[in-house]
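Below: the structure, in structure tokens.
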Amino acid sequence: MKKIAALLAAGLMCLSASAVDVPNLIGSGFEAYKASGSKAAVAVWLRSAPAGANINTSGLPPDIGPGVESPDAWGPMDSYEIVAAFSPTARLRRIYAVAYFPQGPLFCSFDLYKVSGAWTVYATKFSPRPDEVLPVELIEKSN
């Protein structure tokens with residue numbers, strides 16, 4: 001029974017991912033990340049976030065400047081991909097994405113809420129570990 005429920009959830013997520021638009025806000029943030037680093041990305045993603053938003057940026061790799069050597073530095077972001085999108089209602093959306101760095105991937109989730117016709121981010125999560133961000137259905141789908 002659990003397998004059937006998991007397959008159904010994975011199927012619904014895949015269907016919703018193909019039918020759900022990803023708001024420009026997410027791509028604009030990733031483009032800012034590529035150009036200027038995580039602080040620029042966070043500024044874009046949180047531009048219209050409410051004061052009580054659950055924004056957790058602790059999983060973001062530290063930014064480094066040119067010529068700075070740091071053992072925990074990941075280097076600049078190469079690219080990103082949207083992994084899945086889920087919209088349980090017309091005004092709620094969750095976006096799963098992965099950002100690629102020379103040292104490895106960074107898994108991301110964004111919870112969005114539509115206010116007055118515009119999307120705003122109200123919660124985020126970032127981690128280099130997929131199991132800390134992605135639902136198990138997406139992790140198992142890749143196996």
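Since every read-out is calculated from the coordinates, none of them should be taken as a lab result. Predicted, not measured: the structure shown is a model, and the values here were computed from it. Here the Cβ positions follow ideal geometry from the backbone for every residue, glycine too, while neighbour counts run over all protein chains shown.
Structure above, values below:
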{"item": "Net charge over other residues, Cβ less than 12 angstrom from the Cβ of I82 (K, R count +1; D, E count -1)", "result": "0"}
{"item": "Which of Y80, Y100, Y33 has the fewest Cβ neighbours within 10 Å, and the rest in rising order", "result": "Y100, Y80, Y33"}
{"item": "Order of T57, T89, T120 under a 10 Å beta carbon neighbour criterion, fewest first", "result": "T89, T57, T120"}
{"item": "Within region 38-54, backbone nitrogen closer than 20 Å to the virtual label 7 Å beyond the Cα of I82 toward Cβ", "result": "41-49"}
{"item": "FRET E, pair S58, Y100, Förster distance 25 Å, beta-carbon r, rounded to 0.05", "result": "0.80"}
{"item": "Residue order, fewest to most beta carbons within 10 Å, for Y122, Y96", "result": "Y122, Y96"}
